[in-house]
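Enquirer: Structure in structure tokens, see below.
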Amino acid sequence: MPSDAAAVYAVNTAAFNGTDEVKLIQDLHAQCDELISLVAVEGDTIIGHILFSPLTIHDEARITPAMSLAPLAVLPAYQKMGVGSQLISAGLEACRAAGHSIVIVLGHPDYYPRFGFQPASRFNIHWDHEAPDEAFMVVGLKPDALQDVKGIARFHPAFDQFS
């Protein structure tokens, strides 16, 4: 990632019309040991980026590790061409290969279900911030990954700037 940092920052700045996500990426890279970061490339140009970072799901009995999907960014000229879908599919597979079994996203409820995401509330998983129920979603990457998992999802503190 270090050699791709400037291009990744440019993609996120263009996709989100600002630098909040760039600061999030920088903070996560500085503070997290375990990240999954993928890029989409066209020729020699990075045109998309996805990042997965650790989060935890807390209930009275235990803490369950999971990953969060954020941000997902594609250069505006390449949006609606399947780049984001390819990044999500590859990213979920990379999470599975790294031994992760749960991924949470706060995202568009018409987009993420095609990748298996469902409202997290169906599994009694919630977020302690205001968010539309249908936008706070979870996917299990292994059979029965969500069985007996419930509680409050806590994103890495780097996400606090958005709440």
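The values are calculated or read from the model by the stated rules, or taken from the named source; none is laboratory data. Computed from a prediction, not measured in an experiment: that's the story for all the values here. Backbone-built Cβ (ideal geometry, glycine too); neighbour counts: all protein chains shown. Remember, those area values only see protein heavy atoms, side chains included, never the ligands or the DNA or RNA. Shrake-Rupley method; radii C 1.70, N 1.55, O 1.52, S 1.80 Å.
Enquirer: Quick one: what pairs do we get from the range 111-137, first residue within 22 Å of residue 89 (Cα to Cα) and acidic (Asp, Glu), second modelled with pLDDT of 95 or more and in a loop (DSSP other than H, G, I, E, B), C-beta under 8 Å, 6+ apart or different chains?
Expert: 134/109
Enquirer: If a residue has to be assigned to a strand (DSSP E or B) and surrounded by 15 or more Cβ atoms within 10 Å (Cβ to Cβ) to count, how many in the range 11-52 make the cut?
Expert: The number of residues fulfilling the criteria is 12.
Enquirer: Another one. Listed residues 99, 107, 91; which is on the phi > 0 side of the Ramachandran plot and free of Cβ contacts under 8 Å to residues at least 60 places away in the same chain?
Expert: Within the list 99, 107, 91, the selection yields 99.
Enquirer: Restricting to the range 110-120, and then to whatever is touching a strand residue (DSSP E or B) at 6+ places or on another chain (Cβ under 7 Å) and open to solvent by 10 Å² or more (accessible area, probe 1.4 Å), can you tell me which residue is nearest to residue 58 (Cα to Cα)?
Expert: That would be 119.
Enquirer: So, in the range 130-163, of the ones that are in a loop (DSSP other than H, G, I, E, B) and touching a strand residue (DSSP E or B) at 6+ places or on another chain (Cβ under 7 Å), which residue ends up surrounded by the most Cβ atoms within 10 Å (Cβ to Cβ)?
Expert: In this case the residue turns out to be 146.
Enquirer: If you go through the range 77-99 one residue at a time, do you hit one that is more than 27 Å from residue 13 (Cβ to Cβ) and crowded, with 20+ Cβ neighbours inside 10 Å?
Expert: No - not one qualifying residue is present in the range 77-99.
Enquirer: Quick check on the range 61-73. Is at least one of its residues part of a strand (DSSP E or B), over 18 Å from residue 157 (Cα atoms) and open to solvent by less than 60 Å² (accessible area, probe 1.4 Å)?
Expert: yes
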